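In what follows, a single structure is set out as structure tokens and then discussed.
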Amino acid sequence: MVASPPLSVRGARIAFGDRVVATDLALEFPAGRTTCLLGRSGVGKTSLLRWLAGLLPGTERAEPLAYMAQRDLLLPWLDILGNVLLGYRLRGDAAALRAAEPRARALLTEVGLGDRLGDRPDALSAGMRQRAALARTLCEDRSVVLMDEPFGHLDAVTRLELQDLAARLLAGRTVVLVTHDPLEALRLGHQVRVLAGTPFTVELPIEPSGPVPRDASDPELLALQGRLIAQLRSAA
């Protein structure tokens, strides 16, 4: 993996027709760190992530990155292993595809799908599909990773386990992660940014102490969770 770059936003405007989501936006996402974005539903978190990915009209992204959308986007005609390796197939690099297959198999085992490699997506539950999508994102092995609610549709224990896995495998990468869960943001984020308002503004970063993933029962973390919930409620 090459050194992870920072991400910078300078004077950005995000709009959909007459609806302005953000204007004159300036943000820094530190290199090799995880930044978690929080905010009320509809504030513009996903729009910002798509802007960073170069997926909105008038935007572009020169360097390669991995992007995990809210929907799993698994192709129904491919088995799970094929879906995880899809990016390598689309790029047409046979050598890279062969080299990536052991990693894909190992990741699917780590997310609990090692015995489902040959299954099609319609044979899996929503949570299993989400785990396959996470494995696909991690398999891309990119220095910049954008993730939109990557642990949705998961039960509480699996959610914690996959948070731990993602934190380990994404260490040293520049990660921007959208979540609605304050505790998840505090467990995984080197910094947490709250979006509020229309157009949205971004609050000063909250930087919990200690390495990630942090202990969900840590009293300091739980106190910060209460502060974040109050901040989100006041932004209604």
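Of LEU49, LEU38, which residue is of a type in the set (A, V, I, L, M), in contact with a helix residue (DSSP H, G or I) (Cβ under 6 Å, 6 or more places away or on another chain) and buried (at least 21 other Cβ atoms within 10 Å of the Cβ)?
LEU38
Scanning region 151-182 for residues that are surrounded by fewer than 18 Cβ atoms within 10 Å (Cβ to Cβ) and of a type in the set (Val, Ile, Thr), which turns out nearest to VAL9 (Cα to Cα)?
The qualifying residue nearest to VAL9 (Cα to Cα) is THR158.
In region 1-52, which residues are in a loop (DSSP other than H, G, I, E, B), free of Cβ contacts under 8 Å to residues at least 60 places away in the same chain and farther than 20 Å from ASP181 by Cβ?
Selection gives GLY17, ASP18.
I want to confirm something. Restricting to region 201-217 and keeping residues that are assigned to a loop (DSSP other than H, G, I, E, B) and under 28 Å from ALA15 (Cβ atoms), which single residue is nearest to the chain's Cα centre (by Cα)?
For region 201-217, the residue satisfying everything is PRO205.
Do you know which residues across region 53-67 are small (Gly, Ala, Ser), outside any strand (DSSP E or B) and in contact with a Gly (Cβ under 9 Å, 6 or more places away or on another chain)?
Across region 53-67, the qualifying residue is only ALA62.
Condition check: over 28 Å from VAL111 (Cα atoms), out of contact with any strand residue (DSSP E or B) (no Cβ under 6 Å at 6 or more places or on another chain) and of a type in the set (Val, Ile, Thr). Does VAL84 satisfy that?
The answer is no for VAL84.
Between ALA132, ALA106, ALA95, which is surrounded by 15 or more Cβ atoms within 10 Å (Cβ to Cβ) and either assigned to a helix (DSSP H, G or I) or not assigned by TED's automatic domain parsing to the domain that holds THR46 (or both)?
So the residue among ALA132, ALA106, ALA95 that is surrounded by 15 or more Cβ atoms within 10 Å (Cβ to Cβ) and either assigned to a helix (DSSP H, G or I) or not assigned by TED's automatic domain parsing to the domain that holds THR46 (or both) is ALA132.
Yes or no: ALA167 under 29 Å from PRO205 (Cα atoms) and touching a helix residue (DSSP H, G or I) at 6+ places or on another chain (Cβ under 9 Å)? Give the derivation first.
Values: under 29 Å from PRO205 (Cα atoms): yes; touching a helix residue (DSSP H, G or I) at 6+ places or on another chain (Cβ under 9 Å): yes.
Criteria met by ALA167.
So ASP119 ticks every box in (1) outside the structural domain of ARG33 (by TED's automatic domain parsing); (2) crowded, with 18+ Cβ neighbours inside 10 Å; (3) touching a residue at least 24 places away in the same chain (Cβ under 8 Å); (4) not aromatic (Phe, Trp, Tyr) but one. Which box is left unticked?
Evaluating ASP119 over (1) outside the structural domain of ARG33 (by TED's automatic domain parsing); (2) crowded, with 18+ Cβ neighbours inside 10 Å; (3) touching a residue at least 24 places away in the same chain (Cβ under 8 Å); (4) not aromatic (Phe, Trp, Tyr) leaves (2) as the failure.
Looking at (1) of a type outside the set (A, V, I, L, M, F, W, C); (2) under 21 Å from SER8 (Cβ atoms); (3) surrounded by fewer than 18 Cβ atoms within 10 Å (Cβ to Cβ); (4) in contact (Cβ under 8 Å) with a residue 60 or more places away in the chain, can you tell me which one GLY197 breaks?
Condition (2) is where GLY197 drops out.
Have a look at ALA230, ALA185, ALA223 and point out the one that is part of a helix (DSSP H, G or I), small (Gly, Ala, Ser) and buried (at least 16 other Cβ atoms within 10 Å of the Cβ).
None of the other options fit; the residue is ALA185.
Taking the condition under 18 Å from ARG233 (Cα atoms) and either more than 12 Å from the chain's Cα centre (by Cα) or in a loop (DSSP other than H, G, I, E, B) (or both), does THR198 pass?
The answer is yes for THR198.
Take the residues of region 134-161 that are over 22 Å from PHE29 (Cβ atoms) and of a type in the set (A, V, I, L, M, F, W, C): which is modelled with the lowest pLDDT?
The qualifying residue modelled with the lowest pLDDT is LEU154.
Could you tell me whether any residue of region 19-26 is surrounded by fewer than 16 Cβ atoms within 10 Å (Cβ to Cβ), assigned by TED's automatic domain parsing to the domain that holds PRO182 and charged (D, E, K, R)?
Yes, some residue in region 19-26 is surrounded by fewer than 16 Cβ atoms within 10 Å (Cβ to Cβ), assigned by TED's automatic domain parsing to the domain that holds PRO182 and charged (D, E, K, R).
Checking the conditions here, which among LEU186, LEU204 is touching a helix residue (DSSP H, G or I) at 6+ places or on another chain (Cβ under 8 Å) and assigned by TED's automatic domain parsing to the domain that holds ARG10? Write out each step before concluding.
Working: LEU204 fails: touching a helix residue (DSSP H, G or I) at 6+ places or on another chain (Cβ under 8 Å).
None of the other options fit; the residue is LEU186.
The values are calculated or read from the model by the stated rules, or taken from the named source; none is laboratory data. Here the structure is a predicted model, which is why all the values come from computation and not from measurement. Reconstructed Cβ throughout: ideal geometry from the backbone, glycine too, with neighbour counts over all protein chains shown.
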